[in-house]
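Just below is one structure, and these are the notes that go with it.
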Amino acid sequence: MTEKTATRKVGVIGTGLVGSSFAFALMIRGLATELVLIDANSDRAAGEEMDFNHGLSFTRPMKIMAGSYADLKGAHVVVIAAGAGQKAGETRLDLLSRNARIFRSIVPEVVKHNPDGILLIATNPVDILTYISLQESKLPPARVIGTGTILDTSRFRFVLGQYYDVDARSVHAYIVGEHGDSEIPLWSLANIGGVRLQEFAPLRNKRYDQGEMDRLFAGVRDAAYEIIKKKGATYYAIGLGLLSIVDSILGDYNSVLSVSTLMAGQYGVNDMCLSLPCVVGANGVQEILTLNLSSEEEKGFRGSAEKLKTTLESLQI
Ligand SMILES: NC(=O)c1ccc[n+]([C@@H]2O[C@H](COP(=O)([O-])OP(=O)(O)OC[C@H]3O[C@@H](n4cnc5c(N)ncnc54)[C@H](O)[C@@H]3O)[C@@H](O)[C@H]2O)c1
């Protein structure tokens, strides 16, 4: 197929702040040729369709439509960002129960009409909803991906880049585990251009200070709370995180990205979705990288998995 004829079709379910931020980024980058927008609030999806289409004379040609599940046929990847936000007085578990119910209605519909595509989950709690999507879809684990710690890793690289005054893209550092309070920064492997942070610090006239690093990480871990307090929700950065995963799927780039995927014995963890750096290509997760972690990091990873399992069990499916 020539580039001109190759169709690259993407679906978005839930065209709220996260779904539409992703869709807008996808449109600006011109990565897809077709985009299907679905929302329980059909006016919302129809309004986004109009607004995006009115920008097409400034971007690349693309077919954008608000549609139904049947319109997802042939989509390479379907992003799910549908879900309820937390209501006042509602516990996280109540929210999870509501979003789990929503996913149990959405996922079978997607697979019925588009059995060969990849599911990419953004709704929170993302690791548990990725696991539920895997169960509901019965797709191979490689084709059910959660955004996991892609955003946390990006925030981590940003703050380290800022602290050491280098481009965030030159910072090689990961956050793994749960996308949430039990996530783990991999200090033992963090480097800038291959130089460990301890050796990089003096190049920037700094003394490596683990206490300072821990404070930077706490800011990363708690960033969502702070942004939500200030402006109500976070959506642009996760929109770009989704874009980087979709880019690697559509282009079959085999990028290494920290995403949530089904564990199969990594550090003793089975039967739960959480994040490690993964090779992501046209068929989804091609490889889960097992890194040489410190014993504390390994312990943290297992603890993160335990926490997610306990939450899932308390959901009483
Ligand atoms: N993974 C991450 O790193 C990350 C980052 C930010 C936000 N999020 C999560 O993304 C989700 C969406 O956030 P948002 O700010 O876009 O919320 P939002 O309220 O702006 O949008 C959610 C949309 O989902 C739609 N929806 C609800 N039920 C549906 C259904 N059954 N079928 C189709 N559409 C349905 C709603 O109509 C709404 O338009 C939340 O769970 C949020 O916590 C994840």
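The values are calculated or read from the model by the stated rules, or taken from the named source; none is laboratory data. Since the model is a prediction, treat every value here as computed from it, not as a measurement. Reconstructed Cβ throughout: ideal geometry from the backbone, glycine too, with neighbour counts over all protein chains shown.
Residues that are more than 10 Å from the ligand (Cβ to nearest atom), over 20 Å from the mean Cα position of the chain (by Cα) and within 30 Å of K206 (Cβ to Cβ): which helices (runs of 4 or more DSSP H) entirely in segment 54-168 hold 1 or more of them?
Working: elements: 92-113, 126-137, 150-164.
It comes to 150-164.
Within segment 51-64, identify whether any single residue is surrounded by fewer than 14 Cβ atoms within 10 Å (Cβ to Cβ), closer than 27 Å to E178 by Cβ and touching an Asp or Glu at 6+ places or on another chain (Cβ under 9 Å), and answer yes or no. Looking through segment 51-64, none of the residues is surrounded by fewer than 14 Cβ atoms within 10 Å (Cβ to Cβ), closer than 27 Å to E178 by Cβ and touching an Asp or Glu at 6+ places or on another chain (Cβ under 9 Å).
Across segment 156-215, the qualifying residues are those that are of a type in the set (V, I, T) and surrounded by 19 or more Cβ atoms within 10 Å (Cβ to Cβ), and the one among them that is nearest to G300 (Cα to Cα) is I184. Considering only segment 274-298, state which residues are in contact with a Gly (Cβ under 6 Å, 6 or more places away or on another chain) and of a type outside the set (S, T, N, Q). Correct list: L274 only.
Which one is nearest to M272 (Cα to Cα), of the residues in segment 285-313 that are part of a helix (DSSP H, G or I) and among the acidic types (D, E)? Step by step, filter segment 285-313, then rank; the result is E306. Answer with yes or no whether F200 is in contact with a Phe, Trp or Tyr (Cβ under 9 Å, 6 or more places away or on another chain), in a helix (DSSP H, G or I), of a type outside the set (K, R) and free of Cβ contacts under 8 Å to residues at least 40 places away in the same chain. Answer is yes for this residue.
Evaluation of R207 against the conditions (1) touching a helix residue (DSSP H, G or I) at 6+ places or on another chain (Cβ under 7 Å); (2) in a helix (DSSP H, G or I); (3) basic (K, R) shows that the sole unmet condition is (2). Pairs meeting the criteria (first residue in segment 287-313 and free of Cβ contacts under 8 Å to residues at least 24 places away in the same chain, second residue outside any helix (DSSP H, G or I) and surrounded by 13 or more Cβ atoms within 10 Å (Cβ to Cβ), beta carbons under 6 Å, at least 6 apart or on different chains) are E287/V279.
Would you check which residues across segment 26-43 are surrounded by fewer than 17 Cβ atoms within 10 Å (Cβ to Cβ) and in a helix (DSSP H, G or I) and list them? Working first, answer last.
Step one: of segment 26-43, the residues surrounded by fewer than 17 Cβ atoms within 10 Å (Cβ to Cβ) are 28-30, 40-43.
I28, R29, S42, D43, listed by residue number.
In segment 11-19, the count of residues that are surrounded by fewer than 17 Cβ atoms within 10 Å (Cβ to Cβ) and either under 19 Å from L129 (Cβ atoms) or in contact (Cβ under 8 Å) with a residue 24 or more places away in the chain (or both) is zero. State which residue is farthest from the ligand (Cβ to nearest atom) when the search covers only segment 252-263 and only residues that are at negative phi and free of Cβ contacts under 8 Å to residues at least 60 places away in the same chain. By that ranking, first place goes to Y253.
Once segment 214-243 is narrowed to residues that are within 8 Å of the ligand (Cβ to nearest atom) and not aliphatic (A, V, I, L, M), the residue that is nearest to V79 (Cα to Cα) is G241.
Pairs are defined by a Cβ separation below 6 Å, a sequence spacing of at least 6 or placement on different chains, a first member in segment 72-98 that is farther than 18 Å from I132 by Cβ and at pLDDT 90 or above, and a second member that is more than 13 Å from the ligand (Cβ to nearest atom) and of a type in the set (D, E, K, R); the pairs so defined are G74/K9; A75/K9; H76/K9.
Looking only at segment 206-213, decide whether some residue is in contact with a Phe, Trp or Tyr (Cβ under 6 Å, 6 or more places away or on another chain), more than 16 Å from the ligand (Cβ to nearest atom) and over 20 Å from I121 (Cα atoms). Even if it seems obvious, please write down each step before you answer.
Of the residues in segment 206-213, the ones in contact with a Phe, Trp or Tyr (Cβ under 6 Å, 6 or more places away or on another chain) are none.
No, the conditions are met nowhere in segment 206-213.
Does at least one position in segment 2-24 carry a residue that is away from the ligand (no atom under 13 Å from the Cβ) and in a helix (DSSP H, G or I)? Scanning segment 2-24 turns up no residue that is away from the ligand (no atom under 13 Å from the Cβ) and in a helix (DSSP H, G or I).
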